[in-house]
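Here's the structure, in structure tokens; my notes come after.
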Amino acid sequence: MSRPAPHVYDRLRDLVAIPDFRADPESRKAGVVHEVFTGEPLAEIPEGTADDVVAAVERARAAQVAWAERSPKERVKVLERFATEVMRHREELMDIVQAETGKNRASAQEEVLDCLITARHYASAAPGLLKPKRVPGMLPGLTKAVVRHHPKGVVGVIAPWNYPLNLAVTDAIAALAAGNAVVIKPASITPFCALAGAEMLYRAGLPRDLFQVVPGSGRVVGTAIVENVDYLMFTGSSETGRTLGRQCGERLIGFSAELGGKNAMIVTAGADLDTVAEVATRAFFSNSGQLCISMERVYVERSVEQQLIEKLTARIRAMSLGPGYEFGAEMGSLISRDQLETVTAHVEDAVAKGARILTGGRPRPDLGPLFYEPTLLADVPEDATCFGEETFGPVVSIYPVDSVDEAVEKANDTPYGLNASVFAGSDSEGEAIAARLRTGTVNVGEGYVAGWGSVAGPMGGMGISGVGRRHGDEGLLKYTEAQTVATQRLVHMGGPDFLAGRRWQELLAPATDAMRFLPGR
Ligand code: NAP
């Protein structure tokens, strides 16, 4: 079935009513969201204005006060119920994700599962992370020091179109658990996933003002979010990340950004090449390569290069490609005409400069207006655009190397630093290579799911791939202001009366130096 079931259209009509737009409904513009597999209109969505953002932040700010007063244990009950709702409504969520993005169902399921495991993780971890912690005080026994974490207030989330459900919801979950309110702007072409996420949170008992979705353009709604919130979580391109970083810097508010990548896979001579070829269908082509952590470069030891190319091309040619709202297709569509044009241009440019197409390399209008074949290139020269720039599509280049050292050097030779993948003769060899790579995550024996799905560990980018981290302790604590409360007891810092003045000052340096013998110093 390459069209959404009729009930999906009913659900979208319900979701349109979620944004709390009160002002001038007459003059409000509406955008049209298209069903990607067919290119037909799916639903209209009213566009927010800067005033809508100001009003949403005001409501969020008021609601946040009572939310922050609830204990973390009480707050995370919402997350537990949200996880249950996600599990219960997963088929419907996948339908909406697929309708808006044109991805295959397995890639849509990744979004749903990320919501599930991230909600469960923070439901369990948040109370411990937010508990006030004793740390050694200045003067042992006399200074008691306790670190507390206060919520930032209202967190703004600006999300991209490629994983529009989980990237709208999972960062927000951590912010909510930490006691914040959230105002979110989804990408213009994929507003319904964020609205579906909002609906699940409301059903789970979250007060509506605490999580508000304002659909609209980056220029209008995005800018207003940066101008009004207390912290910004952004996922998108490195270029937009730079702009938003500057704006946050002007306001001196905290900023965390998950940006682009040009991720490399390293395959050593000892690797199991059949496994590499099997994993490649996901590592290269999940969501048609429109995945920040998917692989776009492969460095393989020369002695096994030909063998790997044969196995990869055979496996990629056998991939099932096509529309459909059920599991089966290994790859779906690209999302937009812009994406199709970029992918086509990158391949044509590489070929014009001497690259060889090993497999793929063509649009597939017979399958749908925006389909493009999974593509493997060889001999890509350094002046080709796709050599160093992110394609963000189903295009991967393979390069032979003479040693593991050369592979590591080439993998690191990029301003990006998001994700990497290593296939070696043993786990220990793979892990040793991983330690030399400058990326926020490295998957040994996998492409990206293992690192992404290990939500107890941080995930993010080095270099121009990001600032800060999502997931793990940092993914929650970044939404808080740490406060140290130091209580001085018995003796104030000027010294006891019998030692006050010069004697106390003379004693201070040797006494401070001697504190190094105390445990924990
Ligand atoms: P994008 O153009 O940077 O847009 C991302 C979001 O920012 C959209 O909601 C967009 O709104 C908004 N926006 C654009 N310009 C803005 C501005 N001047 N002020 C405020 N908001 C603005 O990125 P994209 O093309 O949607 O996403 C693809 C990129 O995201 C790729 O580079 C990919 O690698 C990266 N990405 C990274 C991660 C990660 O976790 N590291 C995950 C997913 C994607 P509009 O929709 O209205 O333009």
> Of all residues in the stretch 312-353 being aliphatic (A, V, I, L, M) and in a loop (DSSP other than H, G, I, E, B), which is nearest to V32 (Cα to Cα)?
Replying inline: I335
> Would a scan of the stretch 224-241 turn up a residue that is over 22 Å from G475 (Cα atoms) and in contact with a strand residue (DSSP E or B) (Cβ under 6 Å, 6 or more places away or on another chain)?
Replying inline: no
>> Being within 29 Å of G205 (Cβ to Cβ), loosely packed, with under 13 Cβ neighbours inside 10 Å and among the basic types (K, R) narrows it down to one residue among R61, R11, R22; which is it?
In response: R22
> If you go through the stretch 95-109 one residue at a time, how many are within 16 Å of the chain's Cα centre (by Cα) and surrounded by fewer than 22 Cβ atoms within 10 Å (Cβ to Cβ)?
Replying inline: 1
> In the stretch 217-306, which strands (runs of 3 or more DSSP E) lie fully inside it and hold 3 or more residues that are of a type in the set (F, W, Y) and within 13 Å of the ligand (Cβ to nearest atom)?
Replying inline: none
>> Being in contact (Cβ under 8 Å) with a residue 40 or more places away in the chain and out of contact with any Gly (no Cβ under 6 Å at 6 or more places or on another chain): is that true of A55 here?
In response: no
> Restricting the search to the stretch 152-180, which residues are over 13 Å from the mean Cα position of the chain (by Cα) and surrounded by fewer than 24 Cβ atoms within 10 Å (Cβ to Cβ)?
Replying inline: K152, G153
>> I want to confirm something. Restricting to the stretch 468-490 and keeping residues that are within 16 Å of the ligand (Cβ to nearest atom) and of a type in the set (G, A, S), which single residue is surrounded by the fewest Cβ atoms within 10 Å (Cβ to Cβ)?
In response: G468
> Out of curiosity, is G322 within 24 Å of A106 (Cβ to Cβ), among the small types (G, A, S) and in contact (Cβ under 8 Å) with a residue 40 or more places away in the chain?
Replying inline: yes
> Looking at the stretch 245-267, which of the residues that are in contact with a helix residue (DSSP H, G or I) (Cβ under 6 Å, 6 or more places away or on another chain) and touching a residue at least 60 places away in the same chain (Cβ under 8 Å) is most open to solvent (accessible area, probe 1.4 Å)?
Replying inline: F255
>> So, restricting to helices (runs of 4 or more DSSP H) that lie completely within the stretch 354-442, which ones have at least 1 residues that are small (G, A, S) and surrounded by fewer than 23 Cβ atoms within 10 Å (Cβ to Cβ)?
In response: 385-388, 427-434
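Residues checked against (1) β-branched (V, I, T); (2) in a loop (DSSP other than H, G, I, E, B); (3) within 26 Å of L232 (Cα to Cα); (4) touching a strand residue (DSSP E or B) at 6+ places or on another chain (Cβ under 7 Å):
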position: E44; (1), (2), (3), (4): no, no, no, yes
position: K73; (1), (2), (3), (4): no, no, yes, no
position: V76; (1), (2), (3), (4): yes, no, yes, no
position: E80; (1), (2), (3), (4): no, no, yes, no
position: A83; (1), (2), (3), (4): no, no, yes, no
position: V86; (1), (2), (3), (4): yes, no, yes, no
position: D95; (1), (2), (3), (4): no, no, no, no
position: R120; (1), (2), (3), (4): no, no, yes, no
position: A125; (1), (2), (3), (4): no, no, yes, no
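The values are calculated or read from the model by the stated rules, or taken from the named source; none is laboratory data. Being a predicted model, the structure only gives us computed values, none of them experimental. With ideal geometry, Cβ positions are generated from the backbone for all residues, glycine too; neighbour counts draw on all protein chains shown. Quick note on the areas: whole protein, heavy atoms, side chains included, nothing else; ligands and nucleic acids left out. Shrake-Rupley method; radii C 1.70, N 1.55, O 1.52, S 1.80 Å.
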